[in-house]
Structure formats: structure tokens, C-alpha cells
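Following: one structure in C-alpha cells, then a few remarks.
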Amino acid sequence: MARNKYPEMTVQRILDASMKLFLEKGYENTTIQDIVDELGDLSKGAIYHHFKSKEDIIRAVGDKVHEGVDFRTMYDSADNMTGREKLKQMILYSVKNADQRKLMKSAPTIMQNPKFLAMEVRESVSEFAPIIASYIEEGNKDGSLKVKYPAEAAEVLMLLANIWINPLVFAVDMDRFERKLGCIEQVLNGTGLTIVDDEVREALLDMRKVLD
């Protein structure tokens, strides 16, 4: 059997075709066979060689949306920004990302998958919370924040933002969403993480409207 000389190129083609179909048809309405048909020259076996399931594909597509973005270093040269400002900009970047919004809208029930949800929780805490904690610690040093437990506050922020207030996990109307957002602001303020201001609030409300 001939070996694929360009596996990275094949993966990229699968992701490009999948994202196109997810946005056009929706995640739930797209099958592996649809992806095969879109590509034209790959079999199901070739796709399953690189991805175990359709859930793995959409996770990889989500990673592709943030390709080239490293939240650990993206503000290293911003000497005029406080730790709080860096954290706020990281949140705004994530919330306002147009491709991410489109992907979320294309897969409204993906977070109802227990396996996918569990992976999201683990990734939130293990991958992104440490980055947030580093910005909080920087904010503690420059005086823009006063958080006694940076690592724990970072984990709370990620779980509240990615799970509790995520409309793909808990579908609520706009009034209820605003109340939950107000509660999150109060909880975070109680830890010293005063990060939810008018700009962040408006960005989150706008994201919620886009998903309607």
C-alpha cells in the first residue's frame, strides 16, 4: 500500500473541507461521507486514519481557528499594558473571533455530547487556566488586580465562561443570560478578579445574540 507522503497536507484538506461543510450545512447535518464527497479523492478510511470521529474533526477545526495565536506570548511586547488589560484583551479576542462564532453557530448541540464536554472542561483547566493565572499574577504585581488565589481564580473563570454561561451547554433566553453574566461579575469581583467591565459585557451579549 502506498504511503501518504504528505500527511500534514491531507489533514489540512480534511479540516478545510469539514469547516466549509460545517458552516454551510451545520455540524449535525454533515456526515463523514459528506466530507469524503467534498474532498473527492479520499476514502472514509483515509479520514479515520487521521481522526477517530467527527467530534475529533470539529475540535481540530476549532484549534485551526486560533492557529498561529499563542496567548502565552501575544502580549509580551505590550509593556504599556497591565496584567488586567492583557487578560481583558485575551477574553475579547476569544469572544469576538468571527470564525469561532460561525463555528459555534454551526454546531449548536455539540456541547451536549458528554465526551466532548468532558474534554472541553479538561482543556479549559489544564491548557488555558495557567495562561490566565500568569496574567492575574502579573496584575497582582503591577497593582491592576488583587487576587489572593490566582490559579484557582483562573480555573473558576474558565469553568464559568466555557461551561456555565456557555449557551451551547445551557440554552437560556437573553434575560436569563444577562442575569447569569451579572452573577459571574459578582463572583469574580469577590475573588478580586475585576475583569467584567462594560466592554467585556457588551462583547458577551453580542456573542449570545449571534447564536440566536
Among L160, S53, L92, the residue whose Cα sits farthest towards the positive end of the charge dipole of the chain (+1 at Cβ of Lys and Arg, -1 at Cβ of Asp and Glu, taken about the Cα centre) is S53
Compute the distance in nm between two label points, each set 7 Å from the Cα along the Cα-to-Cβ direction, one at R201 and one at K115. 4.1
Using a Gaussian network model of the chain whose springs link C-alpha atoms within less than 10 Å, name the residue from N80, N140, N29 with the highest mean-square fluctuation. N80
Using the Kirkwood formula over every pair of different C-alpha atoms, what hydrodynamic radius in Å results for region 83-210? 15.0
What are the DSSP H helices in the chain that stretch 15 Å or more along their long axis, judged by alpha-carbon atoms, and whose average Kyte-Doolittle hydropathy comes to at least -1.0? 7-25, 54-65, 83-96, 129-142, 174-191, 198-210
Relative contact order (percent, whole number), region 7-65, Cα cutoff 8 Å, 6+ residue spacing: 39
Let's see if you can work this out: charge +1 on each Lys and Arg Cβ, -1 on each Asp and Glu Cβ, no other charges. What is the dipole magnitude of the chain about its Cα centre, in debye to the nearest 20? 440
Candidate aspartates and glutamates for bridging to K209, where Cα separation is under 13 Å - those fewer than 8 sequence places away on the same chain excluded: D173, D175, E178
How high is the relative contact order of the chain? Use alpha-carbon pairs under 8 Å, at least six apart in sequence, and give a whole percent. 21
I'd like the distance separating the alpha-carbon centroids of region 33-58 and region 118-136, in whole Å. 29
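Here, each number is a calculation from the coordinates, and none is a lab measurement. Everything quoted here is computed from the prediction, not taken from an experiment. All Cβ positions, glycine included, derive from the backbone under ideal geometry; neighbour counts span all protein chains shown.
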